[in-house]
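This report concerns only the one structure given below.
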Amino acid sequence: MHPRDGGWAGFLLAQLDTSKPLLWVQERMAILESGRVHPPGLPTQNIIHVEARDTRDALCAMEEGLRCAALSAVIGEIWGDPRALDFTATRRLAVASERAAVPCWLVRLGGSANLSGARMRWRIASAPSLRNDLDPKAPGAPAWDAELFRARGSPPGRWSIAYEAGAFHLVAASGDRAMGEIERLRA
Amino acid sequence: MIHAVTKAAAERGARAGARLTDARALDPALVAVPADPDGDAALVQRLAKWSGRWSPLVEVDGADGLRLDVTGVAHLFGGEEALARDIELRFARIGLSVRVAIAPTPAAAWALARFSPSPLAGEGGSSRRLRKGEGAARFVHAPSPRSRSARVDPLPRGERGLLEQLAPLHVSALRVDADTIRTLERLGLKTIGALLAVPRLALARRFRGAEDVVDALDRMLGRKPEPLTAAPADPPPRALLRFEEPASHPEVASQALERLIPDLVGQLQERHLGARRLSLTGYRVDGSTAVASVATTIASRESKHLTRLLADKAAALDPEFGFDAFALTAEWTEELGAAQQSLVEEPSGERELARLVDRLTVKLGPRHVRRPQANESHLPERASGWVCAVQFSHSLLGEGDRSTKSSGGGVWRRPLHHASHGPPPRAELEEDLKRPQRLLDRPEAIDVIYATPEGMPRRFRWRRAVHDIARAEGPERIAPEWWRQPSSARLRDYYRVEDAEGRRYWIYREGIAGDGRGGAPNWFMHGLFG
């Protein structure tokens, strides 16, 4: 993800179950570079925020969180390409997440896609938002250019997605072939 | 055997220590109740705790006495006489008659409470002297459940006043053994006054081997200290482990912890407590100690959880020259009833969560694991407060749990615009109030091209990258908090902007041109939208 693009947060948060608490781990560098989580902007206030000193601490905190089945999800933000974040680390997270049935999202800010044990790997970028019917000059419902570049059990793909009225929609990206109709991905 | 008698029974010839048949021979109407020494002892223990209302230092003295250190306490109850009366009254209310005495030494107070015949009389003069009397004013009061008599003895002040009061008392008031008393009586020394008249050296020589009479006299007159040792009301649960030989291998603390935890958990279980703070103290051979302590979010007495919390910190204890003992103390405990594990395999959310918070806090420190707490404020950076997750109150947690997506902003209040004094009144968050998901800790200055003086931004440069603004919405004006900030603080006009690539930002212009609070307005980047 581009470090100055906060778009992924909206994409991710819209998919979360907000009835249970959320563990949000941020590396210190990630906080400095792209800001701290701001609860008033989130759909739920029920979060536990961890400010980790370095990548090792952040990964550790994520793994602890994945042992707790009472969480709705674990989100971890890692800045750049630290050495501590190798294939083993990501694989550990993936296995822990599957064992506890707690979704785990590892967010790599400004990193490059190297080896990873993740089950699904997305590349999210903000896309120009939908038309705002009330005010054409104002930003409308958020939209993303989401690329699933690696996934186990499903073919990779690239979609333009918008989130409006509590559901994801596929939208025709400009210059792309017209998709005609809007398909609902997920409630 | 008669253990104790009431005043009425005493008048009819019954005496403690006599046989019941003998007493019945004198008066067949005597009513006998079986003695219960254990019950009495338990009662005295309970009363000792209850007497903490008058003094922090209470000691059980013998089978039927309590000693309270009232040094510097009496004025809280309106003087020593008022204190004595208060004690008498309160004990009378729970059906006990007591004899109260206040004296400069514990031994004298004991003697006066038990042997002084003089009732509370002619106090006026002596109580004034009392204040400049000895610093250590102590008293004994003897709850004697079976006796109906209640007396407050005069308050002796100064060594002379004390001597005057003690002189007429029988030598058994010295609290020495019966043989010594008998010897004294045979020598014709029946009162303390008579004893004091004997040269000290002669007395010391005569009672060398037996219970030391001189020593008892010294204690009574305050020539020799006799400190009170009050047992702590409720010693915290504590498990101890001693080694025969000092151990200095690195894993010693972890191994000790493994052996101490079951012991401590057993104690907690017995007392229906859960630990909130635990500390493992290692005692080194050279006299120094090393401490590792952890806190928990909710009371717990689960050995697995507690071991896991302490394990890392215990392993970090440095043995130096070797530990020869370990103590594990639950410094802070809370009531915790016996809990049944659920029948179905469904972990309870709150407990799981509390454990997670504990583990994270132990690992990363309390300031790095936090939960949001809303503040009453317009300013975004002040509105989003954080509290350490360990201290996060459970009522708030409950509120957070209940907030579903539709009322997710329920905890957050939007301050209203107001013209009156003080902080803004609470109001429900409006749905259209858009806040970014991420906020920079410190707003960053950006260069913005905008339509002066108060127009929309067109283009901005943030961290050396230029962003063309495709769409913008605003302004949302947030006024400075004049009751908190200096008068030079400028208002902020927030804009939601979207650049050509679709990234959405929250930027603001600080101040407006010509507001008299500085030059041209500055622009800042404050948040990122998702």
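Just so it is clear, none of the values below were taken in a lab; they were calculated from the coordinates. Being a predicted model, the structure only gives us computed values, none of them experimental. Quick reminder, even Gly has a Cβ in these numbers, built from the backbone with ideal geometry, and neighbours come from all protein chains shown.
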Shielding by partners, peptide A:46-56 (average Cβ within 10 angstrom, other chains): 5
Helix A:87-100 vs. chain A, principal-axis angle (Cα, 0 to 90°, nearest 10): 80 degrees
For peptides B:98-104, B:305-311, sequence by mean Cβ density within 10 Å, most packed first: B:98-104, B:305-311
Peptide B:366-374 - average C-beta neighbours from other chains (10 Å radius): 5
DSSP-loop GluC sites (Glu not before Pro) across the stretch B:432-530, with at most 10 other Cβ within 10 angstrom: none
Average projected area [Cα convex hull, chain A], square nanometres: 11.3 nm²
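Can you divide the C-alpha Rg of the stretch B:6-58 by 2.2 N^0.38 Å and report the result to two decimal places?
Against the empirical 2.2 N^0.38 Å value, I get 1.62 for the stretch B:6-58.
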Proximal lysines relative to A:K137, as straight alpha-carbon distance under 26 Å, when same-chain residues fewer than 8 apart are discounted: B:K434
For peptides B:48-59, B:23-34, sequence by mean Cβ density within 10 Å, most packed first: B:48-59, B:23-34
Segment B:R186-B:A82, length gained on full extension (0.36 nm per residue, minus Cα span): 33.3 nm
For the stretch A:8-73, convex hull volume per residue from C-alpha positions, Å³: 80 Å³
FRET efficiency estimate (nearest 0.05) - Cβ-Cβ, B:E251 to B:K434, R0 51 angstrom: 0.40
Degrees between helix A:55-65 axis and first principal axis of chain A (Cα, 0 to 90, nearest 10): 80 degrees
Percent of C-alpha pairs per 10 Å bin, the stretch B:231-377, short to long: 11, 37, 32, 15, 4, 1, 0
For chain A, the longest site-free run once GluC sites (Glu not before Pro) in DSSP loop states with at most 13 other Cβ atoms within 10 Å are removed: A:1-180
